[in-house]
Amino acid sequence: MRKEIKVAESSIETATQGLTAEQVDFFKENGFLGPFDLYSEEEAPLVWSQGMIEMVTSANKPHNSTIINYDRHLDCDALSKHIAHPTIVHKLRSLMGEDIMCWKTHIFEKEPGATGTGWHQVEAFTVFESATVSYPSLRYTEESTAPTQELTVWTAFSNADRDHACLRFLPGSHKQWYYDETKPMSYNVENKSHDFFGYDYAELKLDKDWDPNKHEIVDMELKAGQFVIFLAKCVHGSRPNTSADKRVGMASRYVSPSVRVYEHIDRLSGFGDSISLDKHGCVMVSGEDKYGHNRIYEKNLNGFTFPKVESNGR
Amino acid sequence: MGADDYRHKFAEFLATQTMGGDLTYEQIVRAQSREELGISSLNMIIVLLNYIKEYANGTVTVRPEWVPQLNDVDGIVSVLREIDASAVVPARS
């Protein structure tokens, strides 16, 4: 069952505005909100292309992997600007409060013919050090009065409609756990049921009889240059890419600075590769870090100063 | 130089690059897409940067609008022509 979202019309606002009370309520109820305009359809591929050029020319990369494409906002100016774009930050403030820290970005490319990404639900972003030892990427240290302390912004740099592997959400699914993210999964890229980057996320289902495809499903179609905000705890996935074009998106993830990031983790593995977190740091895109839990970068690894949206629209 | 000449120039240059792998000159000349050449989109930007070093003495900056053109050989050839045309130093023949 699919539902057409009617939020888009009211959400296309001027660049510096936050969310309306109606939009905040929609987010609280559904766990996602969008689409919002960020770049024009002509500008989006150029921003992405500039990012690609910088990925190649960067003198100081956050890691050496060409397979694990995390955190290139830490060395590519175009992406450093992107994560702190005022249009994004003002909307995040409406949901998280003034103090907002970007802790991770992740590039999601889907080649023509690529399968969809399976349903999944996370909050602590558990990392497995071995088959039995795991640690949360995020440790929440305090309660907050804001609707959330964790948000993901997924920006389409190419069209991401139903034929081009758009994101999909189960509205309202953030209100309960359907999966146990602390359990390990088996890895097998050849197996079709392993549709979560080589893993079978369905292995983590709390109720083996629960079928996400029988839940209400919303396809979040985005044009190039649009973004959606969501809780990683809202069950989500993507459609397959049945088009002849590559689909390109980037997720930027934000938490309150009260959250401890990668507290016990110094390496990340995945996709057949592994990266060191020696150069990892977080970026304050709004407000202040009053906690000192995490390494904060004010400049990216190549010396570009991260933009920051000042308080009260300054 | 015409488009065919540029295709040959590209083939000759790519044959000198590590990204060209085991491709023969004839395979490169016949190829239609970057994918056929087995070169990733990021590596093709590296090829372009190396071309600029070699033929434009580093005086040309890679433009973002060129990146989507690097997915097919005709597009690559077109970008090489632009580089040669905008090089401050005379392009080597």
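The table below lists the values:
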item	result
Odd one out for residue A:23, checked against (1) more than 14 Å from chain B (Cβ to nearest Cβ); (2) modelled with pLDDT under 95; (3) under 26 Å from residue A:140 (Cα atoms)	(2)
Filtered residue count, region A:182-216, keeping only those that are under 11 Å from residue A:118 (Cα atoms) and either modelled with pLDDT of 90 or more or not aromatic (Phe, Trp, Tyr) (or both)	9
Hits in region A:97-113 - residues which are surrounded by 16 or more Cβ atoms within 10 Å (Cβ to Cβ) and either among the β-branched types (Val, Ile, Thr) or over 15 Å from the mean Cα position of the chain (by Cα) (or both)	A:97, A:99, A:100, A:105, A:107, A:110
Some residue of region B:57-73 being more than 9 Å from chain A (Cβ to nearest Cβ), buried (at least 21 other Cβ atoms within 10 Å of the Cβ) and more than 14 Å from residue B:14 (Cβ to Cβ)	yes
Single condition residue A:228 does not satisfy, out of (1) over 28 Å from residue A:110 (Cα atoms); (2) assigned to a strand (DSSP E or B)	(1)
Filtered residue count, region A:118-167, keeping only those that are closer than 27 Å to residue A:36 by Cβ and either hydrophobic (A, V, I, L, M, F, W, C) or part of a loop (DSSP other than H, G, I, E, B) (or both)	30
Flag for residue A:248 being farther than 21 Å from residue A:65 by Cα and in contact (Cβ under 8 Å) with a residue 60 or more places away in the chain	no
Residue A:180 acidic (Asp, Glu) and within 27 Å of residue A:45 (Cα to Cα)	no
Filter result for residue A:116 (closer than 21 Å to residue A:246 by Cα and surrounded by fewer than 20 Cβ atoms within 10 Å (Cβ to Cβ))	yes
Among the residues listed as B:78, B:86, B:93, the single one being at pLDDT below 90 and within 23 Å of residue A:42 (Cβ to Cβ)	B:86
Residue within region A:106-117 that is part of a helix (DSSP H, G or I) and farther than 21 Å from residue A:51 by Cβ present	no
Single match in A:303, A:272 (criterion: surrounded by fewer than 20 Cβ atoms within 10 Å (Cβ to Cβ) and touching a residue at least 40 places away in the same chain (Cβ under 8 Å))	A:272
Those residues of region A:22-46 which are of a type in the set (A, V, I, L, M, F, W, C) and touching a residue at least 60 places away in the same chain (Cβ under 8 Å), in sequence order	A:24, A:27, A:32, A:33, A:36, A:38, A:44
Positions within region B:23-53 being of a type in the set (D, E, K, R) and surrounded by fewer than 14 Cβ atoms within 10 Å (Cβ to Cβ), in sequence order	B:26, B:30, B:35, B:53
Selection count, region A:269-301, where residues are touching a helix residue (DSSP H, G or I) at 6+ places or on another chain (Cβ under 7 Å), polar (S, T, N, Q) and closer than 22 Å to residue A:58 by Cα	1
Complete set of residues in region A:57-87 that are among the aliphatic types (A, V, I, L, M), at pLDDT below 95 and surrounded by fewer than 18 Cβ atoms within 10 Å (Cβ to Cβ)	A:67
Condition check for residue B:42: facing chain A (nearest Cβ under 10 Å), over 21 Å from residue A:248 (Cα atoms) and assigned to a helix (DSSP H, G or I)	no
Filtered residues of region B:45-56 (kept if more than 14 Å from chain A (Cβ to nearest Cβ) and either in contact with a Gly (Cβ under 8 Å, 6 or more places away or on another chain) or part of a helix (DSSP H, G or I) (or both))	B:54, B:55
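Rundown of residues vs (1) touching a strand residue (DSSP E or B) at 6+ places or on another chain (Cβ under 7 Å); (2) assigned to a helix (DSSP H, G or I); (3) within 12 Å of another protein chain (Cβ to nearest Cβ), yes/no style:
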position	(1), (2), (3)
A:40	no, no, no
A:46	no, yes, yes
A:49	no, yes, yes
A:52	no, yes, yes
A:59	no, no, no
A:64	no, no, no
A:68	yes, no, no
A:78	no, yes, yes
A:88	yes, yes, no
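The values are calculated or read from the model by the stated rules, or taken from the named source; none is laboratory data. All of these numbers come straight from a predicted model, not from anything done at the bench. Quick reminder, even Gly has a Cβ in these numbers, built from the backbone with ideal geometry, and neighbours come from all protein chains shown.
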